[in-house]
Amino acid sequence: LDRYALPFFRKEARKGWVLTSLWGIALSLFGRSFLRPHETPALVASCILFLSLCSGCLFIVGLSYELESLPQERYSTSSGCVHMGYRLGIAAAGAGALYVSDVYDWTTVFRWLLGVILFGSLIIFLLPEPVGSFDALQKKKACSGGFLHQMIVAPSQAFLKNPHWKLILGLILI
């Protein structure tokens, strides 16, 4: 995602990807609101897969947005706040969805969540792009080497140079 800017957000690439991810999540919830799992399980699974892809994209771009918005000495504090906010947001969304589902049907619940996401995207739209975002993206585009080398080969070589790489790999696989 760091290599590409969306057409309407050439100068604000991070914001463009965050908004596109949020709108993708909203679209998947909107589509899911019309479906009945017992009648169209494949379409429900497709909406959930699309939701997962957009959520992953939002996480990656949101992390970059966060890191480029703060001075380096505030990364750890910010990371804690972001994760706490994420956990509280998930709890509030889950509790809110269950509460609304007690009063209304699930179609209404999904559309309620859609409205919350669209409100969040309005807030993101009004926020400024991080100061270093454009420069960071230009620097990544200017790096020598192909995409495969930068994204797979170079990080793998750096990992394998660590003297404890086998131990780390073992911990990851456990």
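Assorted remarks:
- When region 1-29 is limited to residues that are assigned to a helix (DSSP H, G or I) and among the aromatic types (Phe, Trp, Tyr), the one that is nearest to Phe59 (Cα to Cα) turns out to be Trp17.
- In region 121-174, the residues that are aliphatic (A, V, I, L, M), modelled with pLDDT of 70 or more, outside any helix (DSSP H, G or I) and within 28 Å of Lys15 (Cβ to Cβ): Leu127
- Filtered residue count, region 30-52, keeping only those that are in a helix (DSSP H, G or I) and either touching a Gly at 6+ places or on another chain (Cβ under 6 Å) or of a type in the set (Val, Ile, Thr) (or both): 3
- For the condition in contact (Cβ under 8 Å) with a residue 24 or more places away in the chain and either among the hydroxyl-bearing types (Ser, Thr, Tyr) or open to solvent by 60 Å² or more (accessible area, probe 1.4 Å) (or both), Phe30 qualifies.
- Subset of region 104-120 (residues that are in a helix (DSSP H, G or I), over 17 Å from the mean Cα position of the chain (by Cα) and not basic (Lys, Arg)): Trp106, Thr107, Thr108, Val109, Phe110, Trp112, Gly115
- Residue match in region 76-93 (condition: part of a helix (DSSP H, G or I), surrounded by 13 or more Cβ atoms within 10 Å (Cβ to Cβ) and more than 17 Å from the chain's Cα centre (by Cα)): no
- Of all residues making up region 1-17, the number that are of a type in the set (A, V, I, L, M), touching a residue at least 40 places away in the same chain (Cβ under 8 Å) and open to solvent by 10 Å² or more (accessible area, probe 1.4 Å): 2
- Just one of the listed residues (Ser101, Ser55) is surrounded by 14 or more Cβ atoms within 10 Å (Cβ to Cβ), among the hydroxyl-bearing types (Ser, Thr, Tyr), in a helix (DSSP H, G or I) and in contact (Cβ under 8 Å) with a residue 24 or more places away in the chain, and it is Ser55.
- When region 33-52 is filtered for residues that are open to solvent by 60 Å² or more (accessible area, probe 1.4 Å) and either in contact with a helix residue (DSSP H, G or I) (Cβ under 7 Å, 6 or more places away or on another chain) or at positive phi (or both), the ones remaining, listed by number, are Pro37, Phe50.
- Residue, least open to solvent (accessible area, probe 1.4 Å), within region 61-75, restricted to residues that are among the hydrophobic types (A, V, I, L, M, F, W, C) and within 18 Å of Leu19 (Cβ to Cβ): Val61
- Among the residues making up region 1-37, those that are aromatic (Phe, Trp, Tyr) and under 14 Å from Arg111 (Cα atoms) are Trp23, Phe30, Phe34.
The values are calculated or read from the model by the stated rules, or taken from the named source; none is laboratory data. Remember, it's a predicted structure, so these values are computed and weren't measured experimentally. Backbone-built Cβ (ideal geometry, glycine too); neighbour counts: all protein chains shown. Keep in mind that these areas ignore ligands, DNA and RNA; they rest on the heavy atoms of the full protein, side chains included. Shrake-Rupley method; radii C 1.70, N 1.55, O 1.52, S 1.80 Å.
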